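The next block holds one structure in the form of structure tokens; read it before the comments.
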Amino acid sequence: GPSEAIMYAGLQELGVANGEDLKETLTNCTEPLKAIEQFQTENGVLLPSLQSALPFLDLHGTPRLEFHQSVFDELREKLLERVSAIALEGKVEERYKKLEDLLEKSFSLVKMPSIQPVVMCVMKHLPKVPEKKLKLVMADKDLYKACAVEVKRQIWQDNQALFGDEVSPLLKQYILEKENILFSNDISVLHNFFSPSPKTRRQGEVVQKLTQMIGKNVKLYDMVLQFLRTLFLRTRNVHYCTLRAELLMSLHDLEISEICNVDPCHKFTWCLDACIREKFVDNKRARELQGFLDGVKKGQEQVLGDLSMILCDPFAINTLALSTIRHLQDLVGQDTLPRESPDLLLLLRMLSLGQGAWDMIDSQVFKEPKLEAELITKFLPMLMSFVVDDHTFNVDQKLPSEEKGPVPYPSTIPEAFTKFLQENRIACEIGLYYILHITKQRNKNAFLRLLPALVETFSDLAFSDIFLHLLTGNLTLLGEEFALEEFCTALFDGFFLTACSRKENVQRHVLRLLLHLHHKVAPAKLESLQKALEPTKQSGEAVKELHTQLSEKLELRKPSPAEVTETPSMELPLPTVPTPASR
């Protein structure tokens, strides 16, 4: 039958008899039993010691097929072991010559399920499988599937489109995983997007699979980097920059020097990786990073495109921005101006290079972006003055109050601050991190003072997923403030709701926050928010799902009709404060 045809595919080419031959013999003979015996003798296992043993097995009812199968399995195991051994012994040229001869002899049987593993094993150990064989494998879906990754690499390196088809679903999965973390329903200040260490992140499925696919093949590594650059340009999605760094560091972990030594970003990325692990750029590493940037030679400026992509990774930006805020606070204590701090200037230089990645790769003009003087002479001193305002206010609170009454917290913000956040990308990034910083310190006054500046920011950065993910996490620390009308109006009406209708991601983040904190919000305010956040026909599934979840939570909070009825005067009145629904 047809399945038999597959099982014994290719035997005839090798002059080995198969079922067809037996059929032919039996059709054209006078004594079928004699013919069968002769066929068995000619095609059986040719070991004299076995000739007498076979009838003995027959007596025990062991079918010849079973016997042959077990001998065959045993031989195949031995052969596989031998192939792996040949691949390691003798002179390089000789061992590969042996394997090539073996492949030549066995390849015609590659379709036989019983022999296929041997053929695949021979190919796996050949650093260069003959082109013709690779083409045959490529043309056959099942063979291609059955191939070892070592063989696939040889196919991929000359077939970018095919490799792209293999890599593409992994890249999609990677981006999806990142977005799921940013929109996760678990809101916490302790476990957020940036919590996992670089080492942990590199253990992720996609990074591991890509690392395995690339092996030590520089050509495939370059192709993956090319895919990442192209996708970053097409989508502006910064998670591709994270993957660029994670992939290099994953190969670094495995000590794949064949690749690490030729990637000009390796040492820079390795040093930055250590900073990301500590969430801080210390002075020693700062010097090292600066050395790499200053060491870019004339004619090699293209490496800046790669370095900028490494610095555009959100984990890098997060580390640089947190370090910048820490430096500014130190400067306040030391009475030093930003322009007098080389460490701070280096952080700004790297932030600027990272934030300029897209433009640089798009324009192919490889030079470091100029830092605007005003950022250093006006904007950063302004942030420092906010820090001073807080100190002053806190000291004032502790002083015995004179007749004049308590000193109010400054409520206005300099117009220049708002303008910087709208027009300067680096200022905006640092300003947003300063706001995250004061929120984490539970500094409600400072938060409410600066919040209005976030409604319009450079390229809508205040409504980006990473910022909103961090902000919602930090706001859980101000949970008690959500009972206050003034706070809720400032936060929801003054900030979030200004963007919900035009940016669905904002609506998702607000709903996430309310799902987490609804029991802290005053009932009337909650009801109006529930209405304001009602999904439209155009809304995506995620928004509808979140709104449904919130509505269900609120249903549980409503007092039952029984509780609303008049209480007899003798009994204690029921508490009117809604109990926090179990989250």
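The values are calculated or read from the model by the stated rules, or taken from the named source; none is laboratory data. None of these values were measured; they are calculated from a predicted model. Please note: Cβ atoms are built from the backbone with ideal geometry, for glycine as well, and neighbour counts cover all protein chains shown. Each accessible area value is taken on the protein alone, full model and side chains, heavy atoms only, with ligands, DNA and RNA left out. Shrake-Rupley method; radii C 1.70, N 1.55, O 1.52, S 1.80 Å.
Just a few scattered comments:
- Members of segment 164-190 that are open to solvent by 50 Å² or more (accessible area, probe 1.4 Å) and within 17 Å of LEU515 (Cα to Cα): ASN180, ILE181, ASN185, ASP186
- Any hit, segment 301-321, residues being more than 17 Å from VAL281 (Cα to Cα) and open to solvent by 50 Å² or more (accessible area, probe 1.4 Å): yes
- Among the residues of segment 349-398, those that are open to solvent by less than 40 Å² (accessible area, probe 1.4 Å) and of a type outside the set (A, V, I, L, M, F, W, C) comprise SER352, GLY354, GLN355, GLY356, PRO381, ASP390.
- Subset of segment 301-335 (residues that are touching a Lys or Arg at 6+ places or on another chain (Cβ under 6 Å) and among the small types (Gly, Ala, Ser)): none
- Lone qualifier among GLY333, GLY431 - being farther than 30 Å from THR230 by Cβ, assigned by the TED database to the domain that holds LEU468 and of a type outside the set (A, V, I, L, M, F, W, C): GLY431
- Meets criteria (assigned to a helix (DSSP H, G or I), within 22 Å of LEU470 (Cα to Cα) and in contact with a helix residue (DSSP H, G or I) (Cβ under 6 Å, 6 or more places away or on another chain)) for TYR221: no
- Restricting segment 499-546 to residues that are outside any helix (DSSP H, G or I) and open to solvent by less than 40 Å² (accessible area, probe 1.4 Å), the residue that is nearest to SER184 (Cα to Cα): GLY540
- Pairs where the first residue, in segment 265-288, is more than 20 Å from GLU301 (Cα to Cα) and the second is outside any helix (DSSP H, G or I) and polar (S, T, N, Q), C-beta under 9 Å, 6+ apart: ILE276/SER197; ARG277/SER197
- Residue match in segment 166-178 (condition: in contact with a His (Cβ under 9 Å, 6 or more places away or on another chain), within 18 Å of GLN212 (Cβ to Cβ), assigned to a helix (DSSP H, G or I) and not assigned by the TED database to the domain that holds CYS241): no
- Here LEU346 meets each of (1) over 21 Å from the mean Cα position of the chain (by Cα); (2) surrounded by 21 or more Cβ atoms within 10 Å (Cβ to Cβ); (3) closer than 20 Å to PHE268 by Cβ; (4) not acidic (Asp, Glu) with one exception, condition (2).
- Set side by side, the residues ALA245, ALA274 differ, and just one is crowded, with 19+ Cβ neighbours inside 10 Å, modelled with pLDDT of 95 or more and in the same structural domain as GLU177 (by the TED database), which is ALA245.
- Residue ID - most open to solvent (accessible area, probe 1.4 Å), chosen from residues in segment 121-163 that are part of a helix (DSSP H, G or I) and among the small types (Gly, Ala, Ser): ALA139
- Unmet requirement for GLU258, which otherwise passes all of (1) in contact with a Lys or Arg (Cβ under 7 Å, 6 or more places away or on another chain); (2) part of a helix (DSSP H, G or I); (3) surrounded by fewer than 18 Cβ atoms within 10 Å (Cβ to Cβ); (4) in contact (Cβ under 8 Å) with a residue 60 or more places away in the chain: (4)
- A single entry from THR489, THR476, THR472 fulfils the requirement of being open to solvent by less than 10 Å² (accessible area, probe 1.4 Å), assigned to a helix (DSSP H, G or I) and of a type in the set (Ser, Thr, Tyr): THR472.
- Among the residues of segment 212-255, those that are among the hydroxyl-bearing types (Ser, Thr, Tyr) and free of Cβ contacts under 8 Å to residues at least 60 places away in the same chain comprise TYR221, THR230, THR235, SER250.
- Cβ pairs under 8 Å, 6+ apart, first in segment 394-413 and modelled with pLDDT of 80 or more and of a type outside the set (Ser, Thr, Tyr), second open to solvent by 100 Å² or more (accessible area, probe 1.4 Å) and not in a helix (DSSP H, G or I): ASP396/PRO406; GLN397/PRO406
- Screening the candidates VAL224, VAL238, VAL206, VAL218 for the property of being closer than 27 Å to LEU293 by Cβ, of a type outside the set (Gly, Ala, Ser) and open to solvent by less than 10 Å² (accessible area, probe 1.4 Å) yields one hit, VAL224.
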